[in-house]
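Have a look at the structure below before the remarks.
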Amino acid sequence: MNELHDDQGSGDLVEPRHVEAVVRLLGSHEPSLDAVVAGRARLLAEAAATTTVEAPVRTRKRRRGRLVGAALSLAVAATVAVVAPAMLSDSTVSVVPRPGTSSPAAVPTARQILLAAAVAVEKARASGDYWRTATVTRWMLTDPTRSYVLESERSGEQWLAKQSDLQSWRIRQDLGVKPATPQDEAAWRAAGAPTSWRYPKNMKTENLFAVPFKPLEAAAGERTAERLHGKWKGTAGDLVGEWMTWEEVRAIPGEPDKLRSYLEERIGRLELAGSGMDVEEARAYILLRECVGIISGLPASPEVRASAYRILASLPGIRAEGEMTDPLGRRGQALSYQEEIEPGLFTQVRLVVDPGTGLLLAEVRTNTTRLANGREAELRVSTSYQAIGWTDERPQLPTHQD
């Protein structure tokens, strides 16, 4: 395994047996007492050897300007991009986690979880006819009168063909809108139980969500398919705000230090100096976001995706929160960090990872807002990944095609 250096200056070699111990701890089913004791001992030994300390989340100083740039725009776009239900098969990597338990006496650190995921994702399938990503996106927003909170849901699949004789597709479906909590349902009923919501263009949102450009509907919509063309034709996705050809994606370096230099060079091209923000801090944030982007959707090699995990393992501010259920009810290991989206306005970001497969289960972003009656309400945006990877199958297209 490659040698990793974190931002605290540790230059210790992370040996494969240590990471494999973490994989066994996180992915085994009903371990024996001997296995738990042995796993705990290995974890404690690894922690003592690496002397890695997770950096606390810093409370940053207020500054003018918002955290913008190509990478942030893409991250925001990803949370509202419409993508549809997965048809899982043996030829597509499923991200359903392995059942398992973890010893409360040996809770893995963020670094250990990320390194275990890196080892696992290196074994993923490396090629196929289509790179397919299937997601379910849920996001909360207030109703137009700010009296209660709604939750909207969309599902979708994206099929990217690397061969010119195959068509790339995006399949999507609106799954409907409903009150987010029982308390919101009571307020919704008091408002007459509407089944559609129209938002004024000038509605104040406190920058926590985008105003829908068309009415929201309680009922689910039709499943539709769209041929990808124009900027999507012949591309394999985007990285640091630029569209990538298949050849460019194949040329991304797989070693952690080379990948980091490659990403930092691309990030350095972004015009951040006149934005009123701390440039170095913004670049560090974009590096984190681009590593998450590689893991969650770019059809890069298993080595590149593993190195993205290893870069994340070296970054400060990412904290382990233990086992967690994702929005689709699947269990994984939760990692969190804070992100400043406006001066003094922070959002909590959680990544739910399955260390046994090395795949990202979900990303959940949480803010709070105040409703018209003064109640403080939580607003969450989540993207859950049902499948990520290569397949030789063909998409099951609906009747409605654009």
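Determine which single condition Leu312 fails, assuming it passes every other condition in (1) touching a Lys or Arg at 6+ places or on another chain (Cβ under 8 Å); (2) open to solvent by less than 30 Å² (accessible area, probe 1.4 Å).
(1)
Among the candidates Arg198, Arg189, Arg170, Arg154, which residue alone is in contact with a strand residue (DSSP E or B) (Cβ under 9 Å, 6 or more places away or on another chain), farther than 16 Å from Leu141 by Cα, in contact (Cβ under 8 Å) with a residue 12 or more places away in the chain and open to solvent by 30 Å² or more (accessible area, probe 1.4 Å)?
Arg170
Need a quick list: strands (runs of 3 or more DSSP E) entirely within the range 142-239 having at least 2 residues that are within 22 Å of the chain's Cα centre (by Cα) and acidic (Asp, Glu).
Passing ranges, in order: 149-161.
Gly332 - would you say it is touching a Lys or Arg at 6+ places or on another chain (Cβ under 7 Å) and either closer than 29 Å to Tyr130 by Cα or in a helix (DSSP H, G or I) (or both)?
No.
Yes or no, residue by residue, for (1) open to solvent by 10 Å² or more (accessible area, probe 1.4 Å); (2) touching a residue at least 12 places away in the same chain (Cβ under 8 Å); (3) farther than 16 Å from Thr205 by Cα:
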{"site": "Arg331", "(1), (2), (3)": "yes, yes, yes"}
{"site": "Tyr337", "(1), (2), (3)": "yes, yes, yes"}
{"site": "Leu351", "(1), (2), (3)": "yes, yes, yes"}
{"site": "Ala377", "(1), (2), (3)": "no, yes, no"}
{"site": "Arg380", "(1), (2), (3)": "yes, yes, no"}
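Can you name the number of the only condition in (1) farther than 27 Å from Trp246 by Cα; (2) in a loop (DSSP other than H, G, I, E, B); (3) among the aliphatic types (A, V, I, L, M) that Leu397 fails?
(1)
Out of all the residues in the range 206-233, which are farther than 24 Å from Thr399 by Cβ, surrounded by fewer than 16 Cβ atoms within 10 Å (Cβ to Cβ) and in contact (Cβ under 8 Å) with a residue 60 or more places away in the chain?
Matches in the range 206-233: Glu206, Asn207, Ala210.
Among the listed residues Ala300, Ala313, Ala372, Ala377, which satisfies the condition of being within 23 Å of Trp159 (Cα to Cα) and either aliphatic (A, V, I, L, M) or touching a Cys at 6+ places or on another chain (Cβ under 9 Å) (or both)?
Ala300
Please specify each residue of the range 147-168 satisfying the condition of being out of contact with any helix residue (DSSP H, G or I) (no Cβ under 9 Å at 6 or more places or on another chain) and at pLDDT 95 or above.
Ser152, Glu153, Ser155, Gly156, Glu157, Gln158, Trp159
Tell me, please, whether a residue that is touching an Asp or Glu at 6+ places or on another chain (Cβ under 6 Å), buried (at least 20 other Cβ atoms within 10 Å of the Cβ) and β-branched (Val, Ile, Thr) can be found in the range 295-308.
no
The values are calculated or read from the model by the stated rules, or taken from the named source; none is laboratory data. Since the structure is predicted, the reported quantities are computational estimates derived from the model, not experimental observations. So basically every Cβ, Gly included, is an ideal-geometry build from the backbone, and we count neighbours across all protein chains shown. Accessible surface is based on the protein model in full, side chains and every heavy atom, while ligands, DNA and RNA are left aside. Shrake-Rupley method; radii C 1.70, N 1.55, O 1.52, S 1.80 Å.
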